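Single-structure report; data block below.
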Amino acid sequence: MLFIDILVLFIFLERTISRYIDQKRDALVIACENHRRFPINGVTPGVVMDKSAFPDGDRFFFAKAPELTQIDGDPREMPSALEIAVFQTLKTGLATTQKAGKTVGLFFLQHKSVIITYPVKAEGTTIASGGLESPLTNIYQDFRRIQKIALIFVVINSFFFALFGNRQLTRIYFRPLKRLAKRAETYQDEDTLFFSVRKEDNEFSVLSSSLNKMLDRIADDKRVLKETIGSLKAANLELKKAQNDVIRAEKLATVGRLTAGIAHEIGNPIGIVLGYLDLLKQTDLTPEEQNDFIARSEREITRINHIIRQLLDMSRSSVGESKLMSVHQQLQDLISVLSYQPAADAIDFETNLNASDDIVFADPDRLRQVFLNILLNAVDAVSGDTCRDARIKMITECTTDDSDSPSQADGGFIKVTIQDSGPGIHPSHLPQVFDPFFTTKPPGKGTGLGLSVSFMIVEKLGGRITVSGNKEMGAVFQVILPLAKDRDVNGTDR
């Protein structure tokens, strides 16, 4: 509307100025003819000037004679644009219309006035010429007043159009959108989301239909997803139960192997106790001898009790509760348990527990099972090789980075290296060492699950277990575990 208003105003302004010029040209013709017919007395022949004001502040100039050397008798005056235009018409005999000057128009600078000239001819010869300079400022003022009224009309009209457009947009778009948004906001998971619109909502009825179809598909997919998640949870529980069963079975198998070796260790103290009991039946013993036999019997029974308690601790079911524990303490306890094994009598256990921090967060029973499986394999390896000195080394050290570990612990890692002096592992067997049911032992001597279970336990703790070795260096197992951050054995802050 503003553009149309400006365009119409300029068109009417040009037409108004054109008509105004035509009117002034007619007035100029009449004035020039009157001056030619009724010359003014007392004026020097050849130049006739009339500077009296026309209506609207017009300036009129009339000249006779073809050549002029002065204007109004005063050579010091510079000719104006009107006088120059009149003299030019007097010379050429052509009527002219030109615009001069600059002033503020409607929106920018426009011409200030219009100069019109008219040649007065007699028998085809120009005998005089007249000119009229008329200002255009009055026209601009009138149009500026009209422009103000037009702008007020545009503002009022735009306001009403905005109200009408807002009402239409609200009815057609905003209200349906608000209803859709409100319906979506009040939606609950157990609800059936359905978008409904009225018939007059036009395009939104199509949108709502598409949304409802999409929501139906989402609801179906959601039901399928819930069923899938439920089945995955059940499968995960079964898998965990199966893993626990495998760990439990391997643990019992390990305890069985330990029991076979410990039976001999228990038999010796029992024989000694029985011997002392027979001696105590004698009646010729002094009180000192009786007390000595009783004390020795008590020591042997205490030894048996200690062995049985260690065996019970090994076979006790794990509650699966992780806590802060010392790796060094675990290794020392296992060396104590293995010392009762006949196969380990001739084995030299070397320990270099150099790690400055050995506290990890794990299930003690399961971590004990990891180290016990590795140590039992090492015992079997060195006891079967009679060509070398039977020796098992256990070395611990702290490390700050383990790029191959599944997790990056802020507190660093502890590396436990267990190396035996056995015949090592054949290179072709190395990739299969941690596979379930893989074993190189004779039937009945192993289940093939020990190292596989150990691998699974260490991986769940965020650590890593590796194996290497050959005939010269024996088998080398490395267990890398993340250290507990800023904790001690009792779980208090350091």
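Below, the figures for the structure above:
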item: Modelled FRET efficiency - R0 41 Å, residue 29 with residue 104, Cβ distances, 0.05 increments; result: 0.85
item: Cross-link reach list, lysines versus residue 91, counting only Cα pairs under 21 Å and skipping chain neighbours closer than eight places; result: 64, 99, 121
item: Out-of-range pairs (alpha-carbon distance over 26 Å; input 233/441; 178/213; 240/393); result: 233/441; 240/393
item: Solvent exposure ordering (accessible area, 1.4 Å, most first) of 441, 485; result: 485, 441
item: Contour excess over end-to-end distance, with Cα ends at residue 15 and residue 154 and 0.36 nm allotted per residue; result: 47.8 nm
item: Förster radius 56 Å - calculated FRET efficiency between residue 228 and residue 305, Cβ distance, rounded to 0.05; result: 0.55
item: Net charge of neighbours whose Cβ lies under 12 Å from the Cβ of residue 112, counting Lys and Arg as +1 and Asp and Glu as -1; result: +1
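The values are calculated or read from the model by the stated rules, or taken from the named source; none is laboratory data. This is a predicted model, so every value here is computed, not measured. A quick note on method: Cβ atoms are made from the backbone with ideal geometry, for glycine too, and the neighbour counts reach across all protein chains shown. Calculation scope for accessible area: heavy atoms of the full protein, side chains included, ligands and nucleic acids excluded. Shrake-Rupley method; radii C 1.70, N 1.55, O 1.52, S 1.80 Å.
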